[in-house]
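All remarks here apply to the structure that follows.
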Amino acid sequence: MRKKILAGNWKMNLNNYEANNLAKEILVNSQKKEKIDIVLIPSYIYLSNVVSLCVNRPDIFVGSQDCSAYASGAYTSEVSANMLRNIGVKYVLLGHSERRSYSFETNEKILQKIHQVINNKMNVIFCCGESIDHRNENKHFDWIEKQIKETIFYLSAEEIKNVIIAYEPIWAIGTGNTATSSQAQEMHAFIRNLIKSKYGEFIAKSISILYGGSCNPSNAHDLFSKNDIDGGLIGGASLKSDDFIQILASFK
Ligand code: PEP
């Protein structure tokens with residue numbers, strides 16, 4: 001059956017020493033659990049260090065917060081998917097709402113990046129999520145459907161196997177306003193049905209769908225106990241090893 005996944009998006013936080021310490025504390029305090037993968041997602045410049053720290057833990061993977069939409073060439077400051085793969089990165093986070101809003105990433109650009117990641121045999125953590133206005137206007141299902149149809153629906157059945165979906169309502173990210181477990185379950189079931197309509201039941205049942213948005217040790221168990229919620233993409237609470245480890249212990 002599908003994998004349970006706990007991913008920590010460290011965003012633009014931590015100095016070198018702190019990033020090393022956080023990775024070490026997570027390594028020491030987590031035990032390898034069958035069927036649960038951990039993905040640590042530090043800033044680009046810490047990736048190599050974190051990869052080497054995790055080398056003896058087959059259940060802990062390292063992810064990048066972004067990659068270039070291009071394969072190589074004159075794109076100053078950008079980091080290609082191939083470079084990431086070369087240093088041992090296994091996951092790339094794409095479509096995060098902070099990239100969509102601060103860096104104006106469109107679905108089209110995100111799709112280009114998705115192709116880069118898949119062509120380089122890594123996994124995509126694809127984020128989608130609606131604004132509070134969309135939800136209040138009852139347009140949240142349409143919005144998520146559009147985000148999915150304009151991106152991952154362009155992948156073949158073989159390619160989509162390398163995608164993990166993270167449902168992250170924008171109004172819940174970093175705000176403390178977590179979606180209720182029923183709101184999250186409702187959207188996760190909707191997303192799984194969408195996947196089923198395009199790729200069939202087997203793929204729909206195999207794809208992991210994570211929840212993200214103010215997930216913490218006190219609400220994780222309730223969220224993770226829902227049928228279609230396969231884990232979490234954690235921002236703020238992934239920066240404290242105690243919180244992250246407690247969230248890890250919340251899987252049913
Ligand atoms: C995120 O940014 O992906 C996220 C889920 O953040 P937070 O947990 O802080 O809401």
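Structural remarks
- Within segment 76-112, if we keep just the residues that are of a type in the set (Ser, Thr, Tyr) and not in a loop (DSSP other than H, G, I, E, B), the residue that is nearest to the ligand (Cβ to nearest atom) turns out to be Ser97.
- Scan of segment 155-183 for residues that are assigned to a helix (DSSP H, G or I) and in contact with a Leu (Cβ under 6 Å, 6 or more places away or on another chain), ordered by number: Ser181
- Among the residues of segment 206-227, some residue qualifies, meaning at least one is of a type outside the set (A, V, I, L, M), farther than 19 Å from Ile173 by Cα and assigned to a helix (DSSP H, G or I).
- Just one residue in the set His140, His134, His221 is touching a Phe, Trp or Tyr at 6+ places or on another chain (Cβ under 7 Å) and either over 18 Å from Lys4 (Cβ atoms) or touching a residue at least 24 places away in the same chain (Cβ under 8 Å) (or both); that residue is His134.
- Test result for His188, free of Cβ contacts under 8 Å to residues at least 12 places away in the same chain, crowded, with 18+ Cβ neighbours inside 10 Å and in a helix (DSSP H, G or I): no
- Scanning segment 225-252 for residues that are more than 14 Å from the ligand (Cβ to nearest atom) and crowded, with 22+ Cβ neighbours inside 10 Å yields Asp230, Leu248.
- Taken as a whole, the structure places Tyr46 among residues that are surrounded by 19 or more Cβ atoms within 10 Å (Cβ to Cβ) and over 17 Å from the mean Cα position of the chain (by Cα).
- Selection status of Lys198, more than 15 Å from the ligand (Cβ to nearest atom), at pLDDT 95 or above and more than 18 Å from the chain's Cα centre (by Cα): yes
The values are calculated or read from the model by the stated rules, or taken from the named source; none is laboratory data. These numbers were taken from a predicted model, which means no experiment stands behind them. No Cβ is skipped: glycine too gets one built from the backbone with ideal geometry, and neighbour counts run over all protein chains shown.
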